[in-house]
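Worksheet for the structure shown next.
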There are 2 protein chains.
Amino acid sequence: MTHNRIKINDIAQLTGLSTTTVSRVLNGKAKQYRIGKESQEKIKKIAKELNYIPNQNAANLRTGRSNTIALIVPSLNNPFFANIASNINNEVRDKGYVTIVGDSDEDVATEKLILQQLSSRNIEGIIIVPCGNKWAHIKELHDQGLPIVCIDRYFDNLDIPFVSTDNHHGAYLATRHLIEQGHTIIACIQGVKESTPNKLRIKGYLDALSESGIKDILITGDEFSFHCGYIETKLLLQQKNKPTAIFTLSNTIAMGAMKALKEERIKIPDDISLITFDDHPYLDYLATPLSCVAQPVTDISKIATKFLFSEINRNKMPLPKILLKPNLNIKESVKRLNSRY
Amino acid sequence: MTHNRIKINDIAQLTGLSTTTVSRVLNGKAKQYRIGKESQEKIKKIAKELNYIPNQNAANLRTGRSNTIALIVPSLNNPFFANIASNINNEVRDKGYVTIVGDSDEDVATEKLILQQLSSRNIEGIIIVPCGNKWAHIKELHDQGLPIVCIDRYFDNLDIPFVSTDNHHGAYLATRHLIEQGHTIIACIQGVKESTPNKLRIKGYLDALSESGIKDILITGDEFSFHCGYIETKLLLQQKNKPTAIFTLSNTIAMGAMKALKEERIKIPDDISLITFDDHPYLDYLATPLSCVAQPVTDISKIATKFLFSEINRNKMPLPKILLKPNLNIKESVKRLNSRY
DNA sequence: TCATATTGCACAATCGTTTGTTCTATGCTT
DNA sequence: AAGCATAGAACAAACGATTGTGCAATATGA
């Protein structure tokens, strides 16, 4: 295609200098290699005039650096991840890098496929929201020395760095809030069971319950998806021991739950209370603004990027595993019950 | 980093064959170059055993093909674009390509910057939602022979192919719907004025009005943003000649409008009706489910990708400019007025 | 049996950079 | 004036694949 592009050699010819010199000037190594002022200016001038655009592939082949990182998320359709993607993309661009984005579609096989595709491209690092609880393929790359940071979801017992939310605390806050409002039959619709954040959220939920001596434990679900929220809510509504509150462990699950509740004409919070993990601007304009555990998305993105680049640049930054505090955003979806007292 | 990776030459050594032969077998050109069955199997076996991963940069340098396309959107945070990104990403991955995603942040300067970054990478094609009405930098690349498809927003008078919605028709439908429900004072909050979709939407709005002999024309706004929707709605509410309905030209504008309305305690649709361009799952769960003009996002993504690849593969596909019909999704945000009759 | 086809594969150039090393002036020192 | 330092720049070898062409060895045909 666009292959009449001008190359470093053309500039060399036109300036009467060597490609070596041109390369060094254009890479800002002029002083280091004592290139004369005049030569420098001549080169820069011509390069600008001809609109020289270096061929990154050639450079990459030689240096092994691609100025490219990858971001893999379970679904760009999930506003939570889209937000992360947007943030990271901006951070990365400012460093002169580009981001290859992979959408694993919440499917481990796809995730593996994407990592494979990436392996052949000399990307310099990966920020990933692992979609499942399988980590062999990720660890393999990490072991080969490829900088990797997990965000949001991660693997506790591995030595792969991560930046996430204090999920236990978040779930604890949400559950305690429900309890404080008088709820005692609190259902929790979870996502991927074996994933670390999910386990911790469940633990937070359980801890809050047991702290208050509540024995009714109601955990269902197995996917961070709309569908899961919908199905499980439908089922919950069938129970004899109907919950007065539902705690959904992701925004997608919450949306599914809302659909089910709407279908059954059950009002939030009058008939049932709802609280969820993950915030989103839309939540404020819902029929009932949804109380939620807001994750510090921007900070997570920033820290993850910063850390990834410190790894890429081999500045040993001592920041392997970090959890940020979430925020409990109380809106209007939780009703105060007095039934118990 | 991971530079003890095995290369084509290693396989050549181990099999006792030449790199040429190995390359040809691994690229499926065995028949074409009459490589013997035995050699083929030996090569494939070893390649698999050693988990050979080709260095795309080397190949790319030689062939000029990068198996990479770029997608540039104004904001991944906008669920409409996130949805597009997700769709395209999946399409592209299935073809063995990867997607570099650029978030131009609704800023032309950033968009230019991104295109520059991409120029040096031998990407094979671009799908872009141009953020503004400036096209010189895009046309330049297109003129150099780089396959480019605009989606959603596009430039009418240029020869750059596009896939979008029939914006005129969509706006016409929405406006006519409002009129049919008895509204006569209908405000329209627009986005980037000079952009083609915006112009066409405005035209659809005007055509519907004039068709019904409505003289009150109320157009404000200048950005496809939350902020614009918020501000303009606030201002509209100050007018003496207050509109009974608002038509927002994007989902972001609609959200801003909702915020303003909520602040002013103005109920939808009781006090004012609202209809918007762009659908989103969340819209169904809003305080008042928002009637909208739904764009065929999936089809747009599919067609755009298909066309881009036909360009990349130089199959001259006669599909330069295409507009898909939008759908009017009537929900509950438009009130039937009888005041006029 | 000799000429010609065909099969199977290797040589070596090439893609556009980067970079360790070398080389030649010129200037400086004493 | 001889010796050495330094400034300024070029040589040429990589990086790891792809590919036009050439060259044996074997098969085929008359």
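Restricting attention to the range B:19-51, which residues are among the β-branched types (Val, Ile, Thr) and either in contact (Cβ under 8 Å) with a residue 60 or more places away in the chain or part of a helix (DSSP H, G or I) (or both)? Once the filter is applied, which keeps residues that are among the β-branched types (Val, Ile, Thr) and either in contact (Cβ under 8 Å) with a residue 60 or more places away in the chain or part of a helix (DSSP H, G or I) (or both), the range B:19-51 yields B:THR19, B:THR20, B:THR21, B:VAL22, B:VAL25, B:ILE43, B:ILE46. Inside the range A:19-66, residues that are hydroxyl-bearing (Ser, Thr, Tyr) and facing chain B (nearest Cβ under 9 Å) make up a count of 1. Of everything in the range B:194-213 that's part of a loop (DSSP other than H, G, I, E, B) and in contact (Cβ under 8 Å) with a residue 40 or more places away in the chain, which residue is surrounded by the most Cβ atoms within 10 Å (Cβ to Cβ)? My answer is B:SER195. Taking the conditions (1) touching a residue at least 12 places away in the same chain (Cβ under 8 Å); (2) out of contact with any Asp or Glu (no Cβ under 8 Å at 6 or more places or on another chain); (3) not in a strand (DSSP E or B) in turn, A:GLU106 satisfies each one other than (2). Among the residues of the range A:6-18, is any within 8 Å of DNA strand D (Cβ to nearest atom), without any contact (Cβ under 8 Å) to a residue 60 or more places away in the chain, away from every other protein chain (no Cβ under 14 Å) and hydrophobic (A, V, I, L, M, F, W, C)? Within the range A:6-18, one or more residues are within 8 Å of DNA strand D (Cβ to nearest atom), without any contact (Cβ under 8 Å) to a residue 60 or more places away in the chain, away from every other protein chain (no Cβ under 14 Å) and hydrophobic (A, V, I, L, M, F, W, C).
The set of residues in the range B:293-305 being in contact (Cβ under 8 Å) with a residue 40 or more places away in the chain and either within 14 Å of chain A (Cβ to nearest Cβ) or of a type in the set (D, E, K, R) (or both) consists of B:VAL297, B:THR298, B:SER301, B:LYS302, B:THR305.
A quick yes/no check of all residues on (1) of a type in the set (D, E, K, R); (2) surrounded by fewer than 23 Cβ atoms within 10 Å (Cβ to Cβ); (3) assigned by TED's automatic domain parsing to the domain that holds B:ASN77:
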| position | (1), (2), (3) |
| --- | --- |
| B:ILE179 | no, yes, no |
| B:THR184 | no, yes, no |
| B:CYS188 | no, no, no |
| B:LYS215 | yes, yes, no |
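Residues of the range B:9-25 that are buried (at least 16 other Cβ atoms within 10 Å of the Cβ) and near DNA strand C (Cβ under 9 Å from one of its atoms): B:ALA12, B:THR15, B:LEU17, B:THR21, B:VAL22, B:SER23, B:ARG24, B:VAL25.
Could you pull out the residue among A:LYS234, A:LYS259 that is within 14 Å of chain B (Cβ to nearest Cβ), under 25 Å from A:GLN181 (Cβ atoms) and touching a residue at least 12 places away in the same chain (Cβ under 8 Å)?
Going through A:LYS234, A:LYS259 in turn, the sole match is A:LYS259.
Yes or no, residue by residue, for (1) crowded, with 17+ Cβ neighbours inside 10 Å; (2) in contact with a Ser or Thr (Cβ under 9 Å, 6 or more places away or on another chain); (3) not in a loop (DSSP other than H, G, I, E, B):
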| position | (1), (2), (3) |
| --- | --- |
| B:THR252 | yes, yes, yes |
| B:MET258 | yes, yes, yes |
| B:LYS262 | no, no, yes |
| B:MET317 | no, yes, no |
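Out of B:LYS29, B:LYS37, one residue alone is surrounded by fewer than 20 Cβ atoms within 10 Å (Cβ to Cβ), more than 9 Å from DNA strand D (Cβ to nearest atom) and more than 17 Å from the chain's Cα centre (by Cα). It is B:LYS37. When A:LEU290 is tested against (1) buried (at least 24 other Cβ atoms within 10 Å of the Cβ); (2) under 19 Å from A:GLN181 (Cβ atoms); (3) of a type outside the set (S, T, N, Q); (4) at pLDDT 95 or above, exactly one condition is not met: (4).
Evaluation of B:ALA82 against the conditions (1) more than 8 Å from chain A (Cβ to nearest Cβ); (2) in contact with a Phe, Trp or Tyr (Cβ under 9 Å, 6 or more places away or on another chain); (3) free of Cβ contacts under 8 Å to residues at least 40 places away in the same chain shows that the sole unmet condition is (1).
Counting the residues of the range A:45-61 that are over 22 Å from B:GLU140 (Cα atoms) and either near DNA strand D (Cβ under 7 Å from one of its atoms) or surrounded by fewer than 17 Cβ atoms within 10 Å (Cβ to Cβ) (or both) gives 2. Kindly provide the set of residues from the range B:109-127 that are under 28 Å from A:HIS280 (Cβ atoms) and either free of Cβ contacts under 8 Å to residues at least 60 places away in the same chain or facing chain A (nearest Cβ under 9 Å) (or both), ordered by number. Those that are under 28 Å from A:HIS280 (Cβ atoms) and either free of Cβ contacts under 8 Å to residues at least 60 places away in the same chain or facing chain A (nearest Cβ under 9 Å) (or both): B:THR110, B:GLU111, B:ILE114.
The values are calculated or read from the model by the stated rules, or taken from the named source; none is laboratory data. Note that the coordinates shown come from a computational prediction; the quantities given were computed from them, not determined experimentally. Note: ideal-geometry Cβ built from the backbone for every residue, glycine included; neighbour counts use all protein chains shown.
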